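S.K.: Sharing a structure below in structure tokens format, with a few things to ask.
The values are calculated or read from the model by the stated rules, or taken from the named source; none is laboratory data. This is a predicted model, so every value here is computed, not measured. As a convention, Cβ positions derive from the backbone with ideal geometry for all residues, glycine included, and neighbour counts pool all protein chains shown.
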Amino acid sequence: MDRKLALVAAVILAGLLAASVAEAVVYSLPVPAQFNVTQDTIRLNWTTADTGRQYEANITIWRNDTAIPALIAAVINNTHTVLRNYTQPGTENDWATGTSGYGSASCGSTGAQTPLFVKNGTDVRTNITIPLTTANENLTVLFSAARACPPGRYYGLLNVTNSTNATHYANITVIMDIPIDANNSLSTSGATNGVGQFRGKLDINESEDHRYYFNTSAIVNATSVTVNITWAGHTNDVDLFLFDENNVFLTGSSGRNLSETLTFMYPQAARMFNVRVYGNNTTSQIDYQGPGGFLIYGTLNATNASTSATLNRINFTGLAPSERHTVNIVLTNTGSINQTNVTEASELYLMQRFSSNAPTGAQNFTLRVPDFVTKIDARLNWTGGVNYTLRLIKPDGTLVGTSSNKSHLSNKTGSVSEEFVTFTPSGATIGFDDDGTWTVEVANNTAGPVLYNVTAKLFINASAWIMSNYTTRTFNQTGLTNNYGTHQINLTAQNDTLSGEVGGRLRYTSLSGAIHDIPLNSTVVTAELMVNSTYNRSTITITDNIGVNRTGLGSILLNISVNNTGNADLTFDARANSTGLNLTSNSSKFLDFSTTDPTGTLSANTGSNLNLTITADTLETLNTEGLYVGWVTLNDTGARPYQTFNLTVRVNLTSEIDVRVRDALHVGNNEIENVTQTNNITVAAEVFYKNGTEITDMINATGNFTVYIFEGNTSTRYPSSGTLNVTNESITSTDDVPLLQNGRYEFNATLPPDSARPGGYYSVFVGASDVRLGTTLKGNGTNSTIRVNNSGLYFVAIDSTSVTVADNSVAYFNFSVRNLGTFAPGGFINISTNSNLVITPDAENSTACTDGTKVGNGFRLESVTAANSIDPDGTEVCRLAFKLDPNNVTSSTSATLTISATGEAADYGDLSISLTITDADSSSSSSSSSSSDSSSDTTADEAAAEETAEEDVLDIASYPADVEIVQGGNKSVDIGVKNTGDTTQSGVELAVEGVDASWFGVDPESVDILADETVTFAVSYAIPADAAIGEHAITYKASNADNEGSVTATLTVQPSNETKAKIEATYAAKLQNITTVETRINDLSKRGYNLTEANATLAELKEKMRLAGEAIASGDYIEANALLAEADELLSKLHLQLAEAVPASGTSLLLIAGIVVAVAVGGLVVYMFLPPAKQATTVGGFTYGPPDGGSPLERAKQRLKALVEKIKQKLPKKKTGVTFNVPQGGQA
């Protein structure tokens, strides 16, 4: 068949199949169709719509071509493909729970056909052959052993063929649902009475949920159904959902990680419910075969002893703290199942609810969280086609949980969309460090508002509120003695509470796992005292300067919020405060303060202010730096959760001021073109007190400011000590001009000529100092970069800075070189030594960043225009190798290797290597002698004494484990160093390793520490504006000539607003790039290119960008930056894949398939307008709902899926012609 004929046939086939979608008809193949069959899909289940009997369905075979003299239709059972779904195990031992049991032979397996039967009238056969002498013939398909099979779904195709010409055939889709009942896994006797089981596997990327049906009256008088599931590995998330007979969502269980459990109370009798199982199975198969899932019926009924009314819920009316309510409960077993060893448990939580229909973007809600909360569970629910992200944030801004795209599990099953975050503190409770106002953030990630609801449960200690005299007991089945019991529940509102809604439950659990829940509800009525957005206690710390009087109008003013967040009025009682703020190290020095306290009554949900006035008088502080501390106490005996609030007020007086460098320019830009000339750097800076007040009365740049430049990669400083010459700026004349110009200080720093100064990017450090009331205030800052145009070679030893080589042997030494300068160097890289050593460049093991020419003991660099010179800006790392060959030496000797740049090349200093040359003739005997002497002269006691003497006695006693600073920002931290020894440690210094030395300063530089004394070093960080954001591992090391001690910590550089804007711009640009690439992919796809790998990379790229977008939305720019870097690599990979893409074979066949699918979709649209399917069927007093998927739309979707699979099978294997091959026997 040529291509044109194939195309025509495909279009005709598509039209016929599309028509069959609308008419529920399947036509035989090939075309023209000899016959057709209705229905094209049959469902075998507990409903009786077709035949009045369960697990039967009618089909009709119609003859299309009357010209065919002998058309005999055959329904061939042994060729059908109806298999067990869900991969359930199928032996009797696997399913020993059921009373009847069954074997695999009667039900088929995951790899063998399930026996089906076909009957014409009363003739029941496995296979049947019928001559079509009339227009049609009616048959019934049935499965008589269905109820004894493993519960779940079975589906496949049943074959109808022309037995006289087997190439003509039609396939009917068969779907069969087996419920959980007494015919299979539901036990109706013994210890597991009322327990059914279901098991299976969710395959990777399975597109449909697993559904298990059950009748609510399979156990008579059932009052509850409990479903639980446990799966292997616990690495993937699995959720449970329960639906009623009309596929209305009832309840679910999600986010429990190890297992899921749901309970539904008082289900309506004789209804066919269904359990839906779905999981996050994108990475691996989810196996829930063992232990698997369990359906457990309960038969306990709870009533109020006073009224005999059923206790669907216990609703305690409004409670005041310490108020008690009581209820007497009668539990009765109303069924035929013994409820054995029934235990009681309770849980209680404070509830806060929010709702909104905010458009795209984020909306925040305030969550009041007291310290005694043991867990927080926040859930976001909505209906509609939007996508939300839920975040839970501590008062200090720490993100403790994010939920995004979890709703795809619930969406897949048709339940209510949900995102959830659960937070459990590391301790028993939240604690005072984290109590206060938390934030619940809801971000709408799609266009258009949809109403959503947020419910936050704050779990508290239920045993303090609920008292019960219940004891574990067994409830015999109805009609026997001891089938009921009465107990009392007392609910007492505790002082540890908030106002508003309280929820919870009483749970009664039998040995079988049956659960009976009684929900609890109440409302607590009380005032709440919240100060500074927290309960019970808070600390406020402000920083200010010594050398300044803060009195009168210049006093320090604090306005602190005081709120009644409760639902009852708050009346203030006694108030108190300290008489002043005393210096912690010397209470004779102090700050005065006074308060204006809120008085009278605060109505519910209103606020006021606590006003503090703090005066700093240098006559009272004597300009002494340190921490001044005082307190204020507010009290209301009627407030909850606490009647008293303690506010600690701390003022840190310091000599440090803030310097903000606004600009540093050379002749209008940031470049120094010629290092051989004197260059002026014009600096613009502002200076502030710690309270934010700008200092504008400095008058002399020479006296008030210092400037130096610093290259961060090499820790190179110019000048090496001291400062550049600084003068008031003079632009148009030789006269000094006012230091303060344009609202900031502007002055010149002179950089002297130095042809050897290496090029690169230098930070400009500006120090400011001023004397106020006899006290010197100092600070420094940096926020600008000067580009020095010169080469700048930087040498680093690759392996070690020490080399040992034996006489009559050779050694190799490797080092790297980067050019941190702004243009390529010329000249030489040379190595020299003061020893009798032959040094040879090893060109074979060196990278091609020189011209390879040996010049003396080094390499020659090409000129600045050569292509193989060392690239500027540090973008190239070169490896250079040298061979070291010592001449004969008569004894071991030490020497030094020096690596340097000469000629036109400037460098950041020589690289010095310690060299040890050993005499091969004497080293062995010398070593042996030394070893012998050592073993004979040193005793074990002496060795132990030496080891003890060498123990380090310097200990880092206190330090911050984590420090966060914004790019361009400053922060000072204290490091406590203790001398744990019994002698004074002299000349102790503190170093910070792991970051550039330009990022910090240490004060004091060196100090003597007495025995058992602790000295505090101040580490002042000044982070460059262009510092790499993210975490930097650092080490604080205290050392002197004899001892050292160290600890590790983390310095996190957070992005500045400028960097955030760059990241956001990069994100937006990459999105645009992806759009462009997608356009190209679509174009290549239409032209028949094979883009499998490219599409996979595109999907991975989009996922990275989605995560980056979420990170930006959550404020995590560090993570976003890392993700964008990964996205950049994927984008480069994608461009390469597109460049290498080639046209795929069989392009026209794909076009044919597209036409077929398009026509079939048209039929699907027609079918969507047909009347809805019947929703429920009543048989024998039971009301059954059809399995989901019984709707016309669902059936049409399944037929469309089958159609696509058929088309795939019919596509030719070769480029020439189109052939539809049908296997013998009529199988498709």
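Per-residue answers, yes or no, for (1) at pLDDT below 95; (2) closer than 19 Å to A302 by Cα; (3) of a type in the set (D, E):
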site	(1), (2), (3)
G485	no, yes, no
V502	no, no, no
S512	yes, yes, no
D517	no, yes, yes
T534	yes, no, no
R537	yes, no, no
R550	yes, no, no
L558	yes, no, no
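S.K.: Give, as residue ranges, the strands (runs of 3 or more DSSP E) completely inside the range 586-639 that count at least 3 residues that are under 47 Å from the mean Cα position of the chain (by Cα), outside the structural domain of T1016 (by TED's automatic domain parsing) and exposed (fewer than 15 other Cβ atoms within 10 Å of the Cβ). Break it down stepwise before answering.
M.R.: On the way: elements: 586-596, 606-615, 626-635.
Those strands (runs of 3 or more DSSP E) span 606-615.
S.K.: Look at the range 424-439 and say how many of its residues are surrounded by fewer than 22 Cβ atoms within 10 Å (Cβ to Cβ) and in contact (Cβ under 8 Å) with a residue 12 or more places away in the chain.
M.R.: Selection size over the range 424-439: 9.
S.K.: Condition check: in contact with a helix residue (DSSP H, G or I) (Cβ under 9 Å, 6 or more places away or on another chain) and surrounded by fewer than 18 Cβ atoms within 10 Å (Cβ to Cβ). Does S189 satisfy that?
M.R.: Values: in contact with a helix residue (DSSP H, G or I) (Cβ under 9 Å, 6 or more places away or on another chain): no; surrounded by fewer than 18 Cβ atoms within 10 Å (Cβ to Cβ): yes.
No; evaluated as a whole, the condition is false for this residue.
S.K.: Looking only at the range 812-846, count every residue that is farther than 16 Å from L915 by Cα, not in a strand (DSSP E or B) and not hydrophobic (A, V, I, L, M, F, W, C) and tell me the total.
M.R.: Of the residues in that region, 8 qualify.
S.K.: Please identify the pairs in which a residue from the range 517-546 that is buried (at least 19 other Cβ atoms within 10 Å of the Cβ) has its Cβ atom under 6 Å from the Cβ atom of a residue that is of a type in the set (D, E) and not in a strand (DSSP E or B), counting only partners at least 6 apart or on another chain.
M.R.: Close Cβ pairs (under 6 Å, with a partner that is of a type in the set (D, E) and not in a strand (DSSP E or B)) amount to L529/D636; T534/D435; Y535/D435; I546/E625.
S.K.: Now for a separate question. Has the range 1039-1048 got any residue that is among the aliphatic types (A, V, I, L, M) and surrounded by fewer than 14 Cβ atoms within 10 Å (Cβ to Cβ)?
M.R.: For the range 1039-1048, residues among the aliphatic types (A, V, I, L, M) and surrounded by fewer than 14 Cβ atoms within 10 Å (Cβ to Cβ): present.
S.K.: Look at the range 525-540 and say how many of its residues are of a type outside the set (S, T, Y), on the phi < 0 side of the Ramachandran plot and not in a strand (DSSP E or B).
M.R.: Of the residues in the range 525-540, 2 are of a type outside the set (S, T, Y), on the phi < 0 side of the Ramachandran plot and not in a strand (DSSP E or B).
S.K.: Sticking with this one: Against the definition (within 19 Å of G858 (Cβ to Cβ) and of a type in the set (S, T, N, Q)), how does S832 come out, yes or no?
M.R.: yes
S.K.: Name the residue, out of L647, L665, L653, that is over 30 Å from D433 (Cβ atoms) and part of a strand (DSSP E or B).
M.R.: Exactly one residue qualifies, and that residue is L665.
S.K.: Is it the case that L262 is assigned to a strand (DSSP E or B), surrounded by fewer than 16 Cβ atoms within 10 Å (Cβ to Cβ) and not assigned by TED's automatic domain parsing to the domain that holds H408? Talk me through it step by step, then tell me what you get.
M.R.: Numbers: assigned to a strand (DSSP E or B): yes; surrounded by fewer than 16 Cβ atoms within 10 Å (Cβ to Cβ): no; not assigned by TED's automatic domain parsing to the domain that holds H408: yes.
Answer is no for this residue.
S.K.: Within the range 966-1009, which residues are farther than 30 Å from K1060 by Cα, small (G, A, S) and surrounded by 14 or more Cβ atoms within 10 Å (Cβ to Cβ)?
M.R.: Result: G976, G981, A991.
S.K.: Let me ask something additional. List the pairs whose first member sits in the range 662-676 and is within 22 Å of S791 (Cβ to Cβ), whose second member is loosely packed, with under 14 Cβ neighbours inside 10 Å and of a type in the set (S, T, Y), and whose Cβ atoms are under 7 Å apart, counting only residues at least 6 apart or on separate chains?
M.R.: V675/S755; T676/S755
S.K.: Of the numbered conditions (1) assigned to a strand (DSSP E or B); (2) surrounded by fewer than 16 Cβ atoms within 10 Å (Cβ to Cβ), A756 satisfies every one except a single condition; which is it?
M.R.: (1)
S.K.: Can you tell me which residues in the range 1079-1093 are touching a helix residue (DSSP H, G or I) at 6+ places or on another chain (Cβ under 7 Å) and either among the charged types (D, E, K, R) or not in a helix (DSSP H, G or I) (or both)?
M.R.: R1080, G1088, L1091, E1093
S.K.: Continuing with the same structure: Can you tell me which residue within the range 204-243, out of those that are farther than 21 Å from G335 by Cα and touching a Lys or Arg at 6+ places or on another chain (Cβ under 6 Å), is surrounded by the fewest Cβ atoms within 10 Å (Cβ to Cβ)?
M.R.: Narrowing the range 204-243 to residues farther than 21 Å from G335 by Cα: 204-213, 228-243.
Narrowing further to those that are touching a Lys or Arg at 6+ places or on another chain (Cβ under 6 Å): 209, 211, 241.
Details: D209: 20, R211: 24, F241: 27.
Filtering the range 204-243 for residues that are farther than 21 Å from G335 by Cα and touching a Lys or Arg at 6+ places or on another chain (Cβ under 6 Å), the one surrounded by the fewest Cβ atoms within 10 Å (Cβ to Cβ) comes out as D209.
S.K.: So, one more: Among the numbered criteria (1) over 22 Å from T595 (Cα atoms); (2) touching a residue at least 60 places away in the same chain (Cβ under 8 Å); (3) in contact with a Phe, Trp or Tyr (Cβ under 6 Å, 6 or more places away or on another chain), which single criterion is violated by D636?
M.R.: (1)
S.K.: How many residues does the range 198-224 hold that are part of a strand (DSSP E or B) and more than 35 Å from the chain's Cα centre (by Cα)?
M.R.: The total comes to 4.
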